[in-house]
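The next block holds one structure in the form of structure tokens; read it before the comments.
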């Protein structure tokens, strides 16, 4: 009987891989950095859409909106009238008066709580202002290094005493902060840092020794959040090396800087080495728990990451204005550039990317602004990956529109291109983030699936019938309905088609995740190319969700140009749908579209010889 | 000597950096979804009032704006720059289009008397209609002396010395308070409303009043017949290419 066979085969395969699965979920290092809660992305790995997390699209009250708009006006005025980005790039520094004006505008303490002298902005408001500050990348990076990571540790993990002592002067800009994690030998592998903090004899302070590299604001900061290894005695009395975070003042002594780095882009920001030589740090300056520094670092980085989406969207919107102006005025072959299809394509790309980025960023910001401590680290990582790559692609296309003049230093495009390149590298390289996105979700799915597979083993009849039935239905082809469309649907009927595409993708993604876990088990950690596809699919799914949620709201509320939004949303969803289908088919075992084996072979042979190994085309054998 | 009270009128206009588009039916310009901000000359007037207050010559600054609900934002900017109180004379959006210098001057005159101010400051003209009439008409209604196109303002006891930029050069007048002064470009450089000040302006704004009850309803003064782009004179210069689009 085919039903029984199916059952037996499923159960047997499950039993075999079950042990592997359990091993995977148990051994894999916990990447959770905050109290677990049902955020959206993780459930996608199980083929489920947590509708209430993402529909309706987050709204702010009219009062708050008025306040945000009031903030935007002077900041925008300042950036358009008084910031000379070309000069900053050429001279490699931000003028002192500009920094002072930024301080007086209040931009150095945007997220510092009001009681400590800051503006206490919500994530949404911070994202909104980020759209304007990104008009000058050097200033944006300087401000972000100061508050999004430099002093954020004190807000997130600091004691009341530490907050009261340090935040007021940091919020006013009197003191500047820097985030010191990276070392010459430890970039992406942050856990391997060598800087050491040894507890003194009298246990009253730590002595800090080590070198940090590529620290933004390294030369002008007075307050550093430094991460160093400390030896702590574990619960089982073994001595381990764990990272601890410290608030270090330059006045503690022994803090020196290297010379400013000569960078490709963001040349106005100050980046240099920071050396600590026998710096004495009082024990009161430990940030968070001793040994809990890695978690503090991850929390800090996760909390600011999403704002890259709105910052890039703001930059793209300005770019679209500049580029369309040029395309409408410049004529070739007696027609303006704007009439040619290949140019029009570029504008559609820029508009689409900006729309998706905005939607993802503000959706994430809205989730983060919910009460409690929602864990949106995957969502934030997805926003960062999408926006950094979207930015690079769009700026390159915009430069192309300008043609030869875009290549000249007189035109701001070349500077924007150089400034944009760093986005894919810092704040977690996109490669690392893709691994993080994929593995965190797979870990979550693995845990849930292990439970189900245990039940199968135990012979729980309902679970068995469910699984068999599911497999049968899948193989016969099915229509997926996850509740997004229809009379009680969450999306507006105009975008129902795209919503159906999303549902289909999500369902098959969930199935594929299960298959992958069963196939690889623990070893999936090593399969970076598989993980890359998983991450890409997830990023697309999140993007689709964000645009559908936003477009539905725009239609329902009746915002200006909502039919244009529907166009963009449908366009993106269709594109992403087919990309996902391709990635999903590549993830099948023995898929002909999958070239991973060949890729591995080629790279192995090249890396062996550290060179291109083909014989020259002109070579002869004799 | 800080017994003086100042009334500053501010107008919400389309931002100077925006590219103006005429409506297809040529009844006006597109304002929907377009960025608006405080008239630059009004900003200069507010800045002057705030500087006088900082020099302790003026005790209280009241900001006034006539127009639809969005004018609250303009008043709030004035409060963030340093005004103490705001009065919004609410005019429904439909009628706001017909609001002209005559009507606004009447409102300002009434408010100046009601609030017993000693100095009325305005921008010399608004960048949308370029009328350059409101200040003068206000002075007329109040029967107060006026110093227009001011490039320097000095308070001297119960008088105010105003240096005016006129076509022939500079003219200096000494006016007896109370008086009306309109600000010209070189009077000062307005400060930025800092974000902490904008946040602080919130409570000030909610405590401010709505002044529409005190003023008589407006009758339409002039009626706009149409609005369109200037005729292209076909001059061979680089900019004309852009203008066409």
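The values are calculated or read from the model by the stated rules, or taken from the named source; none is laboratory data. Being a predicted model, the structure only gives us computed values, none of them experimental. Here Cβ is always computed from backbone atoms with ideal geometry, including for glycine, and neighbour counts include all displayed protein chains.
The table below lists the values:
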read-out	value
Selected residue (criterion: modelled with the lowest pLDDT) from residues of region A:17-45 that are crowded, with 19+ Cβ neighbours inside 10 Å and in a loop (DSSP other than H, G, I, E, B)	A:39
Residue A:100 vs. criteria out of contact with any helix residue (DSSP H, G or I) (no Cβ under 8 Å at 6 or more places or on another chain) and either crowded, with 24+ Cβ neighbours inside 10 Å or within 14 Å of another protein chain (Cβ to nearest Cβ) (or both)	yes
Which listed residue is in contact with a strand residue (DSSP E or B) (Cβ under 9 Å, 6 or more places away or on another chain), closer than 15 Å to residue B:178 by Cβ and at pLDDT 95 or above, from B:120, B:58	B:120
Any chance residue A:112 is surrounded by 15 or more Cβ atoms within 10 Å (Cβ to Cβ), in a loop (DSSP other than H, G, I, E, B) and more than 14 Å from chain B (Cβ to nearest Cβ)	no
Count of residues meeting criterion [within 25 Å of residue A:155 (Cβ to Cβ) and assigned to a loop (DSSP other than H, G, I, E, B)] in region A:188-212	2
Residues of region B:98-137 satisfying the condition of being part of a helix (DSSP H, G or I) and within 12 Å of the chain's Cα centre (by Cα)	B:101, B:104, B:105, B:108, B:134, B:135
Selection from region A:74-97 of residues that are outside any helix (DSSP H, G or I) and either within 13 Å of chain B (Cβ to nearest Cβ) or in contact with a strand residue (DSSP E or B) (Cβ under 9 Å, 6 or more places away or on another chain) (or both)	A:83
Failed criterion for residue B:204 (all others in (1) away from chain A (no Cβ under 14 Å); (2) in contact with a strand residue (DSSP E or B) (Cβ under 9 Å, 6 or more places away or on another chain) hold)	(1)
Top-ranked residue of region B:58-71 - restricted to ones that are over 22 Å from residue A:105 (Cβ atoms) and surrounded by 19 or more Cβ atoms within 10 Å (Cβ to Cβ), ranked as nearest to the other protein chains (Cβ to nearest Cβ)	B:71
Condition check for residue A:566: out of contact with any strand residue (DSSP E or B) (no Cβ under 9 Å at 6 or more places or on another chain), outside any loop (DSSP other than H, G, I, E, B) and more than 26 Å from residue A:530 (Cα to Cα)	yes
Output for region A:486-508, where each listed residue is under 25 Å from residue A:442 (Cβ atoms) and buried (at least 23 other Cβ atoms within 10 Å of the Cβ)	A:502, A:505, A:506
For residue B:130: the one exception among (1) modelled with pLDDT under 95; (2) more than 14 Å from chain A (Cβ to nearest Cβ); (3) in contact with a helix residue (DSSP H, G or I) (Cβ under 9 Å, 6 or more places away or on another chain); (4) under 30 Å from residue A:72 (Cα atoms)	(3)
Check on residue A:344, within 30 Å of residue A:156 (Cα to Cα) and free of Cβ contacts under 8 Å to residues at least 24 places away in the same chain	no
Number of positions in region A:376-396 that are surrounded by fewer than 18 Cβ atoms within 10 Å (Cβ to Cβ) and touching a residue at least 40 places away in the same chain (Cβ under 8 Å)	2
Per-region count, region B:123-137, residues surrounded by 17 or more Cβ atoms within 10 Å (Cβ to Cβ) and touching a residue at least 60 places away in the same chain (Cβ under 8 Å)	5
Residue within region A:435-453 that is out of contact with any strand residue (DSSP E or B) (no Cβ under 7 Å at 6 or more places or on another chain), part of a loop (DSSP other than H, G, I, E, B) and closer than 30 Å to residue A:140 by Cα present	no
Verdict on residue A:484 being assigned to a helix (DSSP H, G or I) and in contact (Cβ under 8 Å) with a residue 12 or more places away in the chain	no
Boolean, residue B:83 is within 14 Å of chain A (Cβ to nearest Cβ), farther than 26 Å from residue B:174 by Cβ and surrounded by 24 or more Cβ atoms within 10 Å (Cβ to Cβ)	no
Any hit, region A:122-129, residues being closer than 24 Å to residue B:203 by Cα and within 11 Å of chain B (Cβ to nearest Cβ)	yes
Check on residue A:71, within 25 Å of residue A:120 (Cα to Cα), within 14 Å of chain B (Cβ to nearest Cβ) and in contact (Cβ under 8 Å) with a residue 40 or more places away in the chain	yes
Residue A:243 vs. criteria over 29 Å from residue A:124 (Cβ atoms) and either over 21 Å from the mean Cα position of the chain (by Cα) or assigned to a strand (DSSP E or B) (or both)	yes
Of all residues in region B:29-42 being within 13 Å of chain A (Cβ to nearest Cβ), surrounded by fewer than 23 Cβ atoms within 10 Å (Cβ to Cβ) and on the phi < 0 side of the Ramachandran plot, the one that is modelled with the highest pLDDT	B:40
Some residue of region A:158-173 being in a loop (DSSP other than H, G, I, E, B), within 13 Å of chain B (Cβ to nearest Cβ), without any contact (Cβ under 8 Å) to a residue 40 or more places away in the chain and in contact with a helix residue (DSSP H, G or I) (Cβ under 6 Å, 6 or more places away or on another chain)	no
Some residue of region A:225-233 being closer than 26 Å to residue A:93 by Cα and touching a strand residue (DSSP E or B) at 6+ places or on another chain (Cβ under 7 Å)	yes
In region B:9-53, the residues that are without any contact (Cβ under 8 Å) to a residue 24 or more places away in the chain and under 17 Å from the mean Cα position of the chain (by Cα)	B:15
Hits in region A:524-559 - residues which are out of contact with any helix residue (DSSP H, G or I) (no Cβ under 8 Å at 6 or more places or on another chain) and either crowded, with 24+ Cβ neighbours inside 10 Å or modelled with pLDDT under 90 (or both)	none
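A quick yes/no check of all residues on (1) surrounded by fewer than 23 Cβ atoms within 10 Å (Cβ to Cβ); (2) more than 14 Å from chain A (Cβ to nearest Cβ); (3) touching a residue at least 24 places away in the same chain (Cβ under 8 Å):
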{"position": "B:139", "(1), (2), (3)": "no, yes, yes"}
{"position": "B:148", "(1), (2), (3)": "yes, yes, yes"}
{"position": "B:155", "(1), (2), (3)": "yes, yes, yes"}
{"position": "B:175", "(1), (2), (3)": "yes, yes, yes"}
{"position": "B:180", "(1), (2), (3)": "no, yes, yes"}
{"position": "B:184", "(1), (2), (3)": "yes, yes, yes"}
{"position": "B:189", "(1), (2), (3)": "yes, no, yes"}
